[in-house]
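Here the structure comes first, spelled out in structure tokens, and everything after it is commentary.
Quick note: the coordinates plus some simple rules give every number you see, no bench work behind them. If you're wondering where the values come from, they're calculated on a predicted model, not measured in any experiment. We place every Cβ from the backbone using ideal geometry, glycine too, and count neighbours over all the protein chains shown.
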There are 2 protein chains.
Amino acid sequence: MMISVQEAQGIILKGIKVLGPEVVKLENALGRALAEDVYSNSDIPSFDNSAMDGYAIRAEDVRGSSRQSPKALEVIGDIKAGDVPKKTVKGGQAMRIMTGAPVPRGADAVVMVEETEKPETRVQKPELVKIFKEVEKGENIRKAGEDIKRGECVFQKGARLTSAHIGLLASLGQAEVKVAKRPTVAVLATGDELIDVDEKARPGKIRSSNTYTLLGEAASCGAIPKNLGIAKDDPGELAKKIRKGLGCDILLTSGGVSVGDYDLVKDVLAGIGTDIKFWKIAMRPGKPLAFGTIKDTLVFGLPGNPVSSMVSFELFVRPAILKMLGQNDDKGEVDAVIGEDIEKKAGIRYFLRAITRWDNGNFVTNTTGPQGSGILKSMALANSLIVLPEEVEKAEKGDKVKVRFL
Amino acid sequence: MMISVQEAQGIILKGIKVLGPEVVKLENALGRALAEDVYSNSDIPSFDNSAMDGYAIRAEDVRGSSRQSPKALEVIGDIKAGDVPKKTVKGGQAMRIMTGAPVPRGADAVVMVEETEKPETRVQKPELVKIFKEVEKGENIRKAGEDIKRGECVFQKGARLTSAHIGLLASLGQAEVKVAKRPTVAVLATGDELIDVDEKARPGKIRSSNTYTLLGEAASCGAIPKNLGIAKDDPGELAKKIRKGLGCDILLTSGGVSVGDYDLVKDVLAGIGTDIKFWKIAMRPGKPLAFGTIKDTLVFGLPGNPVSSMVSFELFVRPAILKMLGQNDDKGEVDAVIGEDIEKKAGIRYFLRAITRWDNGNFVTNTTGPQGSGILKSMALANSLIVLPEEVEKAEKGDKVKVRFL
């Protein structure tokens, strides 16, 4: 039973719930997803303040002012940022004010310092300032609540926190923030041929790259990766190592899910009680993929080919992790002009590793070379996947194709 | 002296050298930049192996095979993945072979199992397999060195390591990897009006958001952030706290770099020996920006307005960090259709916070609303900046404009 990419994604995402919340310190919240809507308990800024260094005045007092005929106002004091002004600006008066300082009572505008003549310092009062320009009511004043109003919903549940979010939460006085827990993702590579990165090379053996690509991908999505190492093609050992991953939210295996006599993973998963929903997807690379659940753990039996397992992760595991985090998968597709001819089989969705760049008003895309599913270098070079849908039989140089960035 | 954005970037980047290397474990190398070219010390894969489960045969033996007239070959053994085949396939012979297993001597192609009839298990020899299809020499064989050849330069110095890179380094047996050191970035907010996120709100005071946006931005670029807290507008305190950042590669201050009487940061920086190269850039937001060096520390006196300081970071500090990491700043600009009219002053480069999305074959961009430099929410909502160059005087709805993604 071979199902489409879309059907497979639908089946996987259907049962997933957002993980419960946890409270983290603001400085540790970067990249996390909000577990609740955030409302503001105050106006931001919380008081009218000056957007400029200059003089707080009454707009009506400087009507008609110009370089040629300046108005002179009496300076009754200074307001620095952080001060609380105690005086009131009355007709004919001004107060010197710094950027960010509260606008004093009575004043309704600020004239920037460059449009004034600094009064000479002298012992005698009154100190006078000449104003060279008319201003409108409200000019150069940042109104209380201009950025955010008290009671406003500032960010919605599921928002992924960037540094701008973190800064705004700091403005609101949120030293802690409630975010969705990070899912744990266990990774188990399988196969008698596999050795680990630090083992001595031996004839017939290859180093497990999937262990490291999958741990890296899980971390990149915001999950907590857990390395279960390598299991031999032995049902007992497989079952034992798979069980170690069942405390995690997601268990990934790689290898052993094809039709071969030694492709044991699917059988072992079924044997320990996995409810396997499907195990073949109409795509290239990545056809074999056993997906199921065992208690609360999502189990993905990914293919052993390095590229197949990475593309499968991108299309199926990544959206699952993001859904657990309460985030939407924000990756859309763009259109690009393809620079080469591609032959394909109808009925199967192709994902070609590609370099896509913006060139003179269009995206232009080219494959990274040979597309064998063992060729990991093609994936390291790529910044994108060219997506050729099921019904397409070929793409020709100059055609518009869909591209998904990695 | 007001200089252009490009001049400012040139001055900042000119003196920067890549930081020295350090060795990290492969599993900790995600996101780091290579400090040296990586060459392969072996072919990947290191031996010819089967891309399919099937039978390793000699292509000439199955010439003319079809469903109607299959050829029968003698099965002389099994090769599992991880095995080292000891037998040689001679004329009329085949060996059962699993995906990833080494191709035996004598064989020059693999027929996939679906194109054969599985021999009945029987005690008598010889065991025969029927082959239903012709194959070409080399078919279904992954050749040694197909992905990477021994001695090949696999990745170049400066490459930012993604999970595909990490996987490929694992294939090469690199349990450790030499990467560029992460720069340290100290952040000091300044201003009598500032209180920290966990302090009690007081009249005239605002919470320092820049502390958290700048720490977050530094971490996002791959630097190690260090929080120096808040300094009052007092020359002695400022000098003392600034000195605490001088062991770092980069020191960021925010606030106190305008023309006002209490904008002390520039003077204090100069007073403790900073060689200030410029302090005004023809841009909006973000005009005031004091840049200089003191011994080996790059010092950026960023503006105090939350949006100005973030945009300044993006344009000037980020490229500096990436250069220290040995990475190129890979952010290009794309063209987008703007959805509204924008007025601007000639001679100044504008950066408008915007949401840009792919819509029906084009990027379409709209500002996030009011663009006041205190309005941090506009930055949190944005995924991009609309860049309007110096010479432009306005943009009209429907015009093509340049956009830089954040």
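Rounded to the nearest 20, the size of the Cβ-charge dipole of the protein assembly as shown about its Cα centre is 1080 debye, with Lys and Arg at +1 and Asp and Glu at -1. Remark on B:ALA35: its backbone amide H falls under 5 Å from those of B:GLY158, B:LYS178, B:VAL179, B:ALA180, a criterion applied only to residues 5 or more positions apart or on other chains, H modelled at 1.01 Å from N. Proximity of backbone amide H atoms, modeled 1.01 Å from N, is registered between B:ILE224 and B:THR184, B:VAL185 at under 5 Å, excluding neighbours fewer than 5 places apart on the same chain.
Dividing the mean sequence gap of close Cα pairs (under 8 Å, 6+ apart) by how many residues the range B:76-147 holds gives a relative contact order of 27 percent.
Mind putting a number on the dipole of the range A:159-265 about its Cα centre? Charges go on the C-beta only, +1 for Lys and Arg and -1 for Asp and Glu, and I need it in Debye to the nearest 20.
Value, rounded to 20: 440 debye.
Backbone phi angles across the range A:130-135, fed through the Karplus curve with coefficients 6.51, -1.76 and 1.60 (θ = phi - 60°), yield HN-Hα couplings of 8, 10, 9, 8, 5, 10 Hz in residue order; Gly and Pro are listed as x.
Quick one: net charge around A:ILE342, please, counting Lys, Arg +1 and Asp, Glu -1 for every other residue with C-beta under 14 Å from its C-beta. Write out the running numbers ahead of the final one.
Numbers: positive: A:ARG284, A:LYS344, A:LYS345, A:ARG349, A:ARG353, A:LYS394, A:LYS397, A:LYS400, A:LYS402; negative: A:GLU340, A:ASP341, A:GLU343, A:GLU393, A:GLU396, A:ASP399.
Once all neighbours under 14 Å are counted, the net charge is +3.
Name the GluC sites (Glu not before Pro) in the range A:318-358 that are in a loop by DSSP and that have at most 16 other C-beta atoms within 10 Å, would you?
On the way: sites: A:GLU333, A:GLU340, A:GLU343; in loops: A:GLU340.
Sparse-neighbourhood loop GluC sites (Glu not before Pro): A:GLU340.
When only DSSP loop residues count, what trypsin sites (Lys or Arg not before Pro) in the range B:1-54 have their Cβ near at most 16 other Cβ atoms within 10 Å? Before the final figure, lay out each step's value.
Working: sites: B:LYS14, B:LYS17, B:LYS25, B:ARG32; in loops: B:LYS17, B:ARG32.
Hits after loop and neighbour filter: B:LYS17.
Within the set of other residues whose C-beta is less than 13 Å from the C-beta of B:PRO70, count the net charge using Lys and Arg as +1 and Asp and Glu as -1. Value of the local net charge: +2. Rounded to the nearest whole Hz, the Karplus-based 3J(HN,Hα) values (6.51 cos²θ - 1.76 cosθ + 1.60, θ = phi - 60°) of the range A:168-185 follow the sequence 5, 4, 4, 4, 7, x, 8, 6, 10, 9, 8, 10, 6, 4, 7, x, 9, 10, with x at glycine and proline. Taking B:THR297, B:THR184, B:THR88 as the candidate residues, the one with maximal mean-square fluctuation in a Gaussian network model of chain B, Cα springs under 10 Å, is B:THR88. Most simply put, the protein assembly as shown has about 65% antiparallel DSSP beta bridges, counting only bridges with both residues inside it.
Counting only DSSP beta bridges with both residues in the range A:49-142, the antiparallel share comes to about 75 percent. Modelled this way, with points 7 Å down the Cα-to-C-beta line, the labels at A:GLU36 and B:GLU60 are 7.8 nm from one another. With both labels modelled 7 Å from their Cα along Cα-to-Cβ, the A:THR293 to A:LYS125 distance reads 7.8 nm. FRET efficiency for the B:GLU117 to B:ASN362 pair, using the beta carbon distance and R₀ = 60 Å, is estimated at 0.60.
Is there a quick way to get the dipole size of chain A? I mean about its Cα centre, with the Cβ of Lys and Arg at +1 and of Asp and Glu at -1; what is the value in debye to the nearest 20? Don't skip to the end; give the middle numbers.
Details: 59 positive and 55 negative charges, 125 e Å.
That gives a dipole near 600 debye.
Angle of helix A:5-14 to the longest C-alpha principal axis of chain A, folded into 0 to 90 degrees and rounded to 10: 70°. Normalised radius of gyration (Cα atoms, divided by 2.2 N^0.38 Å) for the protein assembly as shown: 1.15.
For chain B, the relative contact order works out to 16 percent when only alpha carbon pairs closer than 8 Å and six or more residues apart are counted. For the range B:300-305, the Karplus equation 6.51 cos²θ - 1.76 cosθ + 1.60, evaluated at θ = phi - 60°, returns couplings of 10, x, 7, x, x, 5 Hz by residue, with Gly and Pro reported as x.
Hey, with R₀ at 30 Å, roughly what FRET efficiency would B:MET1 and B:ASN28 work out to, going by the Cβ-Cβ distance, to 0.05?
Values: r = 45 Å, r/R0 = 1.49.
Efficiency, from the Cβ-Cβ distance: 0.10.
Does the range B:333-405 come out rounded, prolate or oblate by the C-alpha gyration tensor, with a ≥ b ≥ c the root eigenvalues, rounded set by a/c under 1.5 and, if not, prolate when a/b is larger than b/c and oblate if not? It is oblate, given that a/c is not under 1.5 and a/b is not larger than b/c.
Using the structure shown, select from B:LYS266/B:LYS377; A:LYS130/B:LYS241; A:LYS80/B:LYS402; A:LYS200/B:LYS143; A:LYS130/B:LYS266 the pairs with a Cα to Cα distance greater than 30 angstrom. In this structure, A:LYS130/B:LYS241; A:LYS80/B:LYS402 exceed 30 Å between Cα atoms.
Taken as Cα centroids, the range A:212-260 and the range B:349-387 sit 41 Å apart, rounded to the nearest whole angstrom.
Shielding value for A:41-52 is 3, the average number of Cβ atoms from other chains within 10 Å of each residue's Cβ.
Counting only other residues whose beta carbon sits under 15 Å from that of B:GLU134, what net charge do I get with K and R as +1, D and E as -1? Surrounding charge for B:GLU134 is 0. Using just its DSSP H runs of length 4 or more, each adding -39500 (n - 2.57), chain A gives a mean residue ellipticity at 222 nm of -4500 deg cm²/dmol after division by all residues.
Taking A:SER69, A:SER308, A:SER254 in turn, the Gaussian network model of chain A (Cα-Cα springs below 10 Å) assigns the largest fluctuation to A:SER69. When B:ALA175 is represented by a point 7 angstrom out along its Cα-to-C-beta vector, the spacings to that point in the other copies are 4.4 nm, nearest first. With the charge dipole of the range B:333-405 set up from +1 on Lys and Arg Cβ and -1 on Asp and Glu Cβ about the Cα centre, the Cα lying farthest toward the positive end among the listed residues B:ALA382, B:ILE348, B:THR365 is that of B:ALA382. For the pair A:ASN227 and A:LYS133, a Förster radius of 56 Å applied to the C-beta separation gives a FRET efficiency near 0.25, rounded to the nearest 0.05.
Normalised by the number of residues in the range A:1-109, what is the relative contact order in percent for Cα pairs under 8 Å and 6+ residues apart? Write down the numbers at each step before the final one.
On the way: 132 pairs, mean separation 30.5, N = 109.
Normalised by residue count, the contact order of the range A:1-109 is 28 percent.
Filter the cross-link list A:LYS240/A:LYS280; A:LYS87/B:LYS240; A:LYS178/B:LYS295; A:LYS240/A:LYS323; A:LYS25/B:LYS280 down to pairs whose alpha-carbon distance in this structure exceeds 31 Å.
Result: A:LYS87/B:LYS240; A:LYS178/B:LYS295; A:LYS25/B:LYS280 exceed 31 Å.
Put simply, the amide H of B:LEU128, placed in the peptide plane, has neighbours under 5 Å in B:VAL75, leaving out anything fewer than 5 places away on its chain.
What is the distance in Å between the Cα centroid of the range A:179-205 and that of the range A:282-329? A separation of 16 Å, based on Cα centres. Spin-label model, B:ASP196/B:ASP267: points 7 Å from Cα along the beta carbon direction are separated by 2.8 nm.
Using the Cα gyration tensor of the range B:215-355, with a ≥ b ≥ c the square roots of its eigenvalues, what is the shape: rounded (a/c below 1.5), prolate (a/b larger than b/c) or oblate (neither)?
Numbers: a/c = 2.16, a/b = 1.42, b/c = 1.52.
Oblate, because a/c is 1.5 or more while a/b does not exceed b/c.
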